[in-house]
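The values are calculated or read from the model by the stated rules, or taken from the named source; none is laboratory data. The structure presented is a predicted model; accordingly, all values stated were derived computationally and were not measured. Neighbour counts run over all protein chains shown; Cβ positions are idealised from the backbone, glycine included. Areas reflect the complete protein model, heavy atoms only, side chains present, ligands, DNA and RNA absent. Shrake-Rupley method; radii C 1.70, N 1.55, O 1.52, S 1.80 Å.
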Amino acid sequence: MFYYLEGNVTVTAQNLAVIDINGVGYACLTTLSTLSHLEIGKKAKLYTYCNIKEDAFDIYGFYDTNEKRAFEQLLSVSGVGPKAALSILSASSPESLALAIIGDDEAMLTRAPGVGKKLAQRIILELKDKVSKEMPTLRATGAVPAISGVASLGTKQSDAAAALAVLGYSQGEISAAMRSIDITDMSVEDVVKEVLKTSLK
């Protein structure tokens with residue numbers, strides 16, 4: 001299994017980037033965000049997810065591990081395949097996706113082509129349920145204050161921790177990251193962005 005591919009970008013198209021490594025072109029299905037970081041003829045590293053089936057071997061490539069984790073979290077939802085997950089992450093950043101989930105923002109999810117209201121509701125329900133199960137441990141590690149669950153989220157610290165849990169980060173990672181930054185004058189989205197940028201790679 002590939003963890004990442006690093007080489008020269010030779011082709012870009014809609015949701016596709018080809019990375020040349022020693023004369024072999026690897027076709028990576030990818031998001032609009034990742035494509036925006038790539039330039040033909042320049043070197044790039046894409047973190048990969050391989051979808052292997054009887055009749056296919058598809059490689060999905062992402063500019064950073066945050067986007068890859070968000071992709072994998074979306075795939076954990078019943079009924080969400082790679083195509084839908086890619087569509088969602090082409091329409092929103094990982095932090096925007098996480099905040100939409102903890103904020104019950106179906107409209108944001110349905111902006112992605114091919115994602116209807118029922119699928120958006122399932123994504124929110126299943127990923128918020130995962131966060132609910134994570135919260136007791138997050139409180140025990142000091143990452144968030146004592147609260148009664150996702151439905152009671154309201155502080156910046158709690159909301160940011162829940163958003164990071166939605167993206168697949170562990171209790172230990174969230175706890176350490178949240179302690180390393182001063183969130184006093186930051187919005188929840190800014191907290192999540194800062195943690196993703198500086199602590200969780």
Report summary line: Among the residues of region 94-119, the number that are surrounded by 15 or more Cβ atoms within 10 Å (Cβ to Cβ), in a helix (DSSP H, G or I) and without any contact (Cβ under 8 Å) to a residue 40 or more places away in the chain is 5
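One residue is enough: does region 50-68 have a residue meeting the conditions in a helix (DSSP H, G or I), touching a Phe, Trp or Tyr at 6+ places or on another chain (Cβ under 7 Å) and either open to solvent by less than 60 Å² (accessible area, probe 1.4 Å) or under 18 Å from residue 173 (Cβ atoms) (or both)? Lay out the reasoning, then the answer.
In the first step, residues of region 50-68 are kept if they are in a helix (DSSP H, G or I); the result is 65-68.
When the remaining residues are screened for being touching a Phe, Trp or Tyr at 6+ places or on another chain (Cβ under 7 Å), the result is 65, 68.
From what is left, the residues that are either open to solvent by less than 60 Å² (accessible area, probe 1.4 Å) or under 18 Å from residue 173 (Cβ atoms) (or both) are 65, 68.
Yes, some residue in region 50-68 is in a helix (DSSP H, G or I), touching a Phe, Trp or Tyr at 6+ places or on another chain (Cβ under 7 Å) and either open to solvent by less than 60 Å² (accessible area, probe 1.4 Å) or under 18 Å from residue 173 (Cβ atoms) (or both).
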Report summary line: For region 1-26, pairs from a residue that is among the aromatic types (Phe, Trp, Tyr) to a residue that is open to solvent by 60 Å² or more (accessible area, probe 1.4 Å), with Cβ under 7 Å and 6 or more apart or across chains, are 4/45
Report summary line: residue 71 meets each of (1) out of contact with any strand residue (DSSP E or B) (no Cβ under 7 Å at 6 or more places or on another chain); (2) within 22 Å of residue 9 (Cβ to Cβ); (3) not hydroxyl-bearing (Ser, Thr, Tyr) with one exception, condition (1)
Requested in this report: Determine the pairs where a residue that is open to solvent by less than 70 Å² (accessible area, probe 1.4 Å), located within region 177-191, has a partner that is among the aromatic types (Phe, Trp, Tyr) with Cβ atoms under 9 Å apart, the partner being 6 or more residues away or on another chain.
Outcome: 177/169
Query raised in the report: Which pairs have Cβ atoms under 9 Å, sit 6 or more apart or on different chains, and link a residue in region 32-54 that is without any contact (Cβ under 8 Å) to a residue 12 or more places away in the chain to one that is hydrophobic (A, V, I, L, M, F, W, C)?
Result: 52/1
Report task. For region 79-93, indicate whether the set of residues that are of a type outside the set (Ser, Thr, Tyr), closer than 26 Å to residue 190 by Cα and outside any helix (DSSP H, G or I) is non-empty. Result -> no
**Report entry** Matching residues in region 33-49 - criterion: being in contact with a helix residue (DSSP H, G or I) (Cβ under 8 Å, 6 or more places away or on another chain), open to solvent by 30 Å² or more (accessible area, probe 1.4 Å) and modelled with pLDDT of 95 or more
**Finding:** 47, 49
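For region 69-83, enumerate the residues that are among the small types (Gly, Ala, Ser) and crowded, with 21+ Cβ neighbours inside 10 Å. Even if it seems obvious, please write down each step before you answer.
So in region 69-83, the residues among the small types (Gly, Ala, Ser) come out as 70, 76, 78-79, 81.
Hit for region 69-83 is 70, nothing else.
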Query raised in the report: Which one of the conditions (1) assigned to a loop (DSSP other than H, G, I, E, B); (2) modelled with pLDDT of 95 or more does residue 11 fail to meet, given that it meets all the rest?
Result: (1)
